[in-house]
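Trainee: Handing you a structure now.
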Amino acid sequence: MTTYTPTSSRCIALLDALLEDHGPQGFGRVMQKLLAHCFRRHEYWVMNNPIGVPDFVAVRPGKVQGYAVEVKTATGRKLQLKERELKAVRMSDHYPVVAVLIFPDLNPRWLCIDAHGLQPGALDTRSLVRYQRVTIDFDLDSEFRAVLAEFHEAAMTSSYALDHALHSEAPTV
Amino acid sequence: MAEEKLRLHHIEIEGFRGVNRALRLDFGDRGSLICAPNGQGKTSVLGAIEWCLFGELAYQMKENTTNDEVVNMHHPTGESVVRLTLRRESEEFVIERTRRVGRRETTLRVTTTQGEVVEGSDADSFLFRLLGLTFDDFYRASFLHQESVRGLLVDEPRVRNEALDRLFGLDKLRDILASIQIRPVTEAIDDIRGKQTRVYDKLSGASQQLEVQRHRHLQEALAVGLSERNLTLDAGRALAREALQGISDFSARNGMAAPEISDPETVDELERVARRVKDAIRESRLNAANQSTVSAASGRLVDVEAMQGTLQGAATVAALAAAAVERHIQASGSDEELRQRKAELASKREEVRRAIGAQEMTTRLLGDAMSLVREDPGMKSCPVCNQEVVASTLFDLLETRMSGVQRTEHERLIFDLERATNGLDSLGRVEKERSSLREASARAQSEYERIVQDAQRTLPGLPVGSEASDFLQAEVNAARIELEQIKAAYLNREQELDAVDQAVDRLRALQKVVKDDEDSAGLEAKVSAQSQDGEENVLSEELNRLASLQESLEAIARAVQGVARIRAHEAIDSSRATTAEYYRLLCNHPYFDRLRIDAQEKMLAGIAKNSYVIRVFSSSDGKATLASSRLSTAQMNCVALSIYLGLSSVLTHNLGFVILDDPSQNLDTSHKASLAGVLSGLLSGLQVIVSTQDLELEGFLKERFGKDQVTTYRLAWTAKEGTSASAA
């Protein structure tokens, strides 16, 4: 599904603009939507959780177990991981994943960490690479960059515009 | 029954610190007082006990080859020798420690009751077993150094905490904690992160600039009809081929040489092609302009139209001039009529002039007559005709004639003359005007004829007169048709060139976006190369190493501090009751009569350390306050003594003595009396050795100890002999 993949430097510029425009919290919500859309593009059935934890569940059609994903964007040095968030992904019937966007960084990327090995509290973003990671069955970073480039303008416009743009793309499933 | 403990029997000192010559002090079984003013060697004598037992001094200055803190520099052989005899019931142990000046190592020898001599490391082990305590515990249990007290009297919390740590035997742990330098590691981490941030900021800034540029270029590309999905090098090459084909076709159709431009392979070559095609378009336009007859046709049309205009203008001017002459004749009459009217007026004027002459003659005669009558008022006859006259009547008659008829006639004649003259002048002006109009008409006609002659040189067939205008109009129409045909051909070529030009514009717009993407990729490649081989990789590795080191150091610090915290709590809890009791006895504060010490943890330079809070309470109302903020220096000294005595009473070891070095600093009389009372209370179980320069304390101690229970020495010091002692 991936069409045009922007470079890291362009990805930085796009993410910088979103962070500056939306602030850390709004930026987190946008990233969550874009990440969920990456799974959607790869034929996952994605269910957003209305109560917020986990952020979404992605399951392949016909499969029982998918991923319960808690999305985190650590724009500072510390990443705050609440017990409620960890419990939510661990208690689900799916594989618990804490997806952390490593940004700002020279190479913005997602770290999909196995939530089993995480403890609640403030984690140093530098230390995240030491945790056990979950392998997603598609190139998440490339897909994310493509989705970011494609929906950046909508995301910069408004949350409604982004939702509209994401849903206007015909679902693959 | 409590086991008997080791007591000091006597000490022999030579060449140690302030003691130069051999000095022997025998300690009494109960109490010993070492009295001297400051600087006479009290601390040296007590320090000799400490050094002999443990080979080191707690408050020793930093030593080097020129500064020996142990050996007396004036000792003739440059050697310190301290021999201490300890006794326990029937046992006697002689401990001898020596050291040469400038050497670090000491020689230890222990001789037992049985004459057995133990030396070297065996002697150290033997001594440890014998004493039953470490060097640190010696300070907590047996030797109250004046420095230990002094630390508690300082306002600065850090120093107080250190002093308490020392009293609790935690100074080694504190030293370990102090040696764990987390801050430099943290600073190094911050420094690396700062560098990484700067690298990131540079990349981010460049990326944002590129993104802004790309967005602008993208808008330009969309504006020229390109699709964002087709902004690729391949699409650019197709566009370039289209532009090349267009300029080649145009050149072929217009008989020009086609430019030789190769197909582009790279993004930069797209721009090269665009530039070359643009150049070719410009050259084609220049050639077309040079070859075009538009300017000639246009010039001809302009000339004929100008000629037409000039001729029409000149004809109009000539006609207007002739019409003016005609209008003048109609208004003023023909030339003949003018001549006739002029002759009539001239005749009339001549006639009037003659009448005026006659009238003037009559007037003169009348005047002369009146003069004669006036001169001869009695005149009876006319001198001319001799006719009888009455002078007065005649005069009246003459005067009436003069002012009546004669004047009226004169005025009429003058009016007639003026009218004739004016009429002649008016006719003269009319004639002049007519002449001028005729001249203008002649000039206009002449100009028109000249213009016609000039036009005939350009247009030989140009007729003269009214046909000229039609002839010229036909010429203008022909020139216009020719010009329109030439323009149509020109526009056709321009459209072809415009089509190529637009293709080049699209090519350029596409090239800019593709170039931006290439620049972005280049930027990423540069960063990637740096992160793989360069500084970024080194920084990341260093950062991970330092982060790991930081975690390790923090873990060590937490572990050490954990021990320090537990030991501090143990020390405080074990001695709480006795310390409080000593405080009550020593301080005897009228209100705050209870003491409590609490240990907390406080972060200092990134490491948690023990921090102590000393509070005093009032038993009467339970009110509490910080000791340091409420108690005087003397009372704080009592607090220090209470803590020391409290701790020394609970520690288990084999020493049966306590040493207090100048314990009465800052104490007032009542506190000194209380201290003497407390120390005398210790005599039942311990040997008490006190050094003091305070005569008041000395008096209280002698009084409370009892004269037969105390051995007193007075020390004196000279530069040559060093410290000497005499029993008092």
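Rundown of residues vs (1) assigned to a strand (DSSP E or B); (2) crowded, with 20+ Cβ neighbours inside 10 Å; (3) of a type outside the set (Phe, Trp, Tyr), yes/no style:
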position: B:Gly39; (1), (2), (3): no, no, yes
position: B:Gly47; (1), (2), (3): no, yes, yes
position: B:Glu69; (1), (2), (3): no, no, yes
position: B:His75; (1), (2), (3): no, no, yes
position: B:Gly115; (1), (2), (3): no, no, yes
position: B:Phe138; (1), (2), (3): no, yes, no
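Trainee: Something else: Among B:Glu518, B:Glu535, which is the only one that is at pLDDT 85 or above and within 14 Å of another protein chain (Cβ to nearest Cβ)? Explain how you work it out, then say what you get.
Mentor: On the way: B:Glu535 fails: at pLDDT 85 or above.
Within the list B:Glu518, B:Glu535, the selection yields B:Glu518.
Trainee: Give just the number: which of (1) within 30 Å of A:Thr7 (Cβ to Cβ); (2) modelled with pLDDT of 85 or more; (3) part of a helix (DSSP H, G or I) does B:Gln196 not satisfy?
Mentor: (2)
Trainee: Name the residue that is surrounded by the most Cβ atoms within 10 Å (Cβ to Cβ), counting only residues in the stretch B:173-190 that are part of a helix (DSSP H, G or I) and either within 14 Å of chain A (Cβ to nearest Cβ) or touching a Leu at 6+ places or on another chain (Cβ under 7 Å) (or both).
Mentor: Taking the stretch B:173-190 first, the residues part of a helix (DSSP H, G or I) are B:173-179, B:182-190.
Still in the running and either within 14 Å of chain A (Cβ to nearest Cβ) or touching a Leu at 6+ places or on another chain (Cβ under 7 Å) (or both): B:182, B:185-186, B:188-190.
On the way: B:Ile182: 17, B:Val185: 21, B:Thr186: 16, B:Ala188: 16, B:Ile189: 18, B:Asp190: 12.
Here the answer is B:Val185.
Trainee: A follow-up question, please. One residue is enough: does the stretch B:616-626 have a residue meeting the conditions under 30 Å from B:Glu554 (Cβ atoms) and surrounded by fewer than 16 Cβ atoms within 10 Å (Cβ to Cβ)?
Mentor: Checked against the condition, which is being under 30 Å from B:Glu554 (Cβ atoms) and surrounded by fewer than 16 Cβ atoms within 10 Å (Cβ to Cβ), the stretch B:616-626 yields no hits at all.
Trainee: Kindly list the number of the only condition in (1) within 15 Å of B:Asp661 (Cα to Cα); (2) surrounded by fewer than 17 Cβ atoms within 10 Å (Cβ to Cβ); (3) free of Cβ contacts under 8 Å to residues at least 60 places away in the same chain that fails for B:Arg714.
Mentor: (3)
Trainee: Still on this structure: From B:Val464, B:Val452, grab the single residue that is touching a residue at least 12 places away in the same chain (Cβ under 8 Å) and in a loop (DSSP other than H, G, I, E, B).
Mentor: On the way: B:Val452 fails: in a loop (DSSP other than H, G, I, E, B).
Testing whether each residue is touching a residue at least 12 places away in the same chain (Cβ under 8 Å) and in a loop (DSSP other than H, G, I, E, B) leaves just B:Val464.
Trainee: Within the stretch B:212-231, can you find the residues that are in contact (Cβ under 8 Å) with a residue 40 or more places away in the chain and either of a type in the set (A, V, I, L, M, F, W, C) or within 9 Å of another protein chain (Cβ to nearest Cβ) (or both)?
Mentor: B:Arg214, B:Leu218, B:Ala221, B:Ala223, B:Val224, B:Leu226, B:Leu231
Trainee: Related question: Pairs, please: C-beta under 7 Å, at least 6 apart or cross-chain, first residue within 14 Å of chain B (Cβ to nearest Cβ) and in the stretch A:7-29, second crowded, with 23+ Cβ neighbours inside 10 Å and at pLDDT 90 or above?
Mentor: Within 7 Å, the pairs are A:Cys11/A:Arg145; A:Cys11/A:Leu148; A:Leu14/A:Leu148; A:Leu14/A:His152; A:Leu18/A:Val30; A:Leu18/A:Ala155.
Trainee: Related question: Quick check on B:Ile34: is it modelled with pLDDT of 90 or more and over 21 Å from B:Leu131 (Cβ atoms)?
Mentor: Working: modelled with pLDDT of 90 or more: yes; over 21 Å from B:Leu131 (Cβ atoms): yes.
Against the criterion (modelled with pLDDT of 90 or more and over 21 Å from B:Leu131 (Cβ atoms)), B:Ile34 qualifies.
Trainee: Within the stretch B:89-104, which residues are within 26 Å of B:Asn20 (Cβ to Cβ) and in a loop (DSSP other than H, G, I, E, B)?
Mentor: Keep residues of the stretch B:89-104 that are within 26 Å of B:Asn20 (Cβ to Cβ), which gives B:94-104.
Across the stretch B:89-104, the qualifying residues are B:Val101, B:Gly102, B:Arg103, B:Arg104.
Trainee: Go through the stretch B:559-604 residue by residue and tally those that are surrounded by fewer than 15 Cβ atoms within 10 Å (Cβ to Cβ) and part of a helix (DSSP H, G or I).
Mentor: Residues flagged as surrounded by fewer than 15 Cβ atoms within 10 Å (Cβ to Cβ) and part of a helix (DSSP H, G or I) within the stretch B:559-604 amount to 8.
Trainee: Let me ask you something else. Name, by its number, the condition in (1) touching a helix residue (DSSP H, G or I) at 6+ places or on another chain (Cβ under 9 Å); (2) at pLDDT below 90 that does not hold for B:Val430.
Mentor: Going through (1) touching a helix residue (DSSP H, G or I) at 6+ places or on another chain (Cβ under 9 Å); (2) at pLDDT below 90 one by one, B:Val430 breaks only (2).
Trainee: Can you tell me how many residues within the stretch B:645-689 are under 16 Å from B:Gln709 (Cβ atoms) and β-branched (Val, Ile, Thr)?
Mentor: 4
Trainee: Just one of B:Val19, B:Val118 is of a type outside the set (S, T, N, Q), out of contact with any Leu (no Cβ under 6 Å at 6 or more places or on another chain) and free of Cβ contacts under 8 Å to residues at least 24 places away in the same chain; which is it? Lay out the reasoning, then the answer.
Mentor: Details: B:Val19 fails: free of Cβ contacts under 8 Å to residues at least 24 places away in the same chain.
On inspection, the qualifying residue turns out to be B:Val118.
Trainee: Shifting gears a bit: Restricting attention to strands (runs of 3 or more DSSP E) lying wholly within the stretch A:76-173, give those where 1 or more residues are surrounded by 14 or more Cβ atoms within 10 Å (Cβ to Cβ), without any contact (Cβ under 8 Å) to a residue 40 or more places away in the chain and aliphatic (A, V, I, L, M). Steps first, please.
Mentor: Details: elements: A:78-81, A:95-102, A:109-114, A:121-124.
Per the criteria, A:95-102, A:109-114.
The values are calculated or read from the model by the stated rules, or taken from the named source; none is laboratory data. Because the structure is a prediction, the values reported are computed rather than measured. Note that we place each Cβ from the backbone using ideal geometry, even for glycine, and neighbour counts take in every protein chain shown.
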